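No lab work stands behind these numbers, since they all come straight from the coordinates. The structure displayed is predicted, hence computed values, not measured ones. FYI the Cβ positions are ideal-geometry reconstructions off the backbone, even for glycines, and counts take in every protein chain you see.
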Amino acid sequence: MQRLAFKMKLNKGQKELYKKRHDELWLELKILLKANGVREYSIFLDEETHTLFAFQKVSGSGGSQDLTSNTIVKKWWDFMADIMEVNPDNSPVSIPLEEVFYLE
């Protein structure tokens, strides 16, 4: 099992909408993530900096960040583009984080 972490940036004032959209996460996206080995997925918000910290436990070699060519994922990016920092293709600006400590 891999543990993956990355950070993204939420636009100011969008916390409630971001949370609402994730509370109503599309069933097809949930199925896709699980089918691709994502076993746990948490996102935390630092309200002071608007930084989103994402953590995943993944079985296999990849995680959600490896689904960039999937139609469902692209549709989700388009849906989320108005409330977060994105690249020209509407993918979230996502910066992988290196694990420097783990206590089991």
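Only Lys, Arg, Asp and Glu count, each charged at its Cβ (+1, +1, -1, -1), so figure out the dipole size of the chain about its Cα centre, rounded to 20 debye. Charge dipole, the chain, about its Cα centre: 260 debye, nearest 20. Residue separation of Val93 and Lys75 scaled by 0.36 nm, minus their Cα-Cα distance, works out to 4.9 nm of gained length. Taking a span of 18 Å or more along the helix axis (Cα atoms) and a mean Kyte-Doolittle hydropathy of at least 0.5 as the rule, no DSSP H helix of the chain qualifies. Using a Gaussian network model of the chain in which every pair of alpha carbons under 10 angstrom is joined by a spring, one finds that among Asn70, Asn90, Asn36 the greatest mean-square fluctuation is at Asn70. Each pair of Cα atoms in the chain enters the Kirkwood radius, and Stokes-Einstein at 25 °C and 0.890 mPa s then converts it into a translational diffusion coefficient of 171 µm²/s.
Each stretch of four or more DSSP H residues adds -39500 (n - 2.57); spread over every residue of the chain, this sum gives -7500 deg cm²/dmol at 222 nm. Loop-resident GluC sites (Glu not before Pro) (DSSP state other than H, G, I, E or B) in segment 1-62 with no more than 14 further Cβ atoms inside 10 Å of their Cβ: Glu24, Glu47, Glu48.
In this structure, the residue pairs whose Cα-Cα separation is over 18 Å, taken from Lys19/Lys57; Lys15/Lys74; Lys7/Lys57, are Lys19/Lys57; Lys15/Lys74. Among the chymotrypsin sites (Phe, Trp or Tyr not before Pro) in segment 73-104, those located in a DSSP loop and surrounded by at most 15 other Cβ atoms within 10 Å of their own Cβ are Phe101, Tyr102. The ranking of Val93, Val73 by Cβ neighbour count inside 10 Å, starting from the fewest, reads Val93, Val73.
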